[in-house]
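In what follows, a structure is listed as structure tokens, so that the remarks can point back to it.
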Amino acid sequence: MDAMLPAKLKVGASGDKLHNLASILVAANPDIIYAGLMSHWKQSEKVVIGSSELNTVLSDRNLWASLPDFTEYMIFSHQRSRKNES
């Protein structure tokens, strides 16, 4: 598909990105969709042998917001995760 697009519209590794998007969209709930969109690693504990993922806003369900609207949830979660980075 990239061969048909003008250079300014080409996206590198578009097949990988579509595959990742497809795996996220079948998630059981919006929390998992958002975490999948924001995470670089699907199984981060496998990146470094013997490691474990630290609790963050994305990995600790106790920190997840219960908002009725998915857009509000994503905005809240993004702001909260950015706040915890500083």
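The values are calculated or read from the model by the stated rules, or taken from the named source; none is laboratory data. Note that the structure is predicted; figures quoted are calculated from it, not measured. Cβ placement follows ideal geometry from the backbone for every residue including glycine, while neighbour counts extend to all protein chains displayed. For the accessible areas, the whole protein counts, side chains as well, though only heavy atoms, and no ligand, DNA or RNA atoms are used. Shrake-Rupley method; radii C 1.70, N 1.55, O 1.52, S 1.80 Å.
Summary table below
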{"read-out": "Efficiency of FRET between residue 81 and residue 51 - r from beta-carbon atoms, R0 25 angstrom, step 0.05", "value": "0.80"}
{"read-out": "Sequence ranges 37-50, 68-81, ranked by mean other-Cβ count within 10 angstrom, highest first", "value": "68-81, 37-50"}
{"read-out": "Probe 1.4 Å, accessible area per residue of region 3-48, Å²", "value": "79"}
{"read-out": "Percent carbon-and-sulfur accessible area, region 22-74, ignoring ligands, DNA and RNA, probe 1.4 Å", "value": "58"}
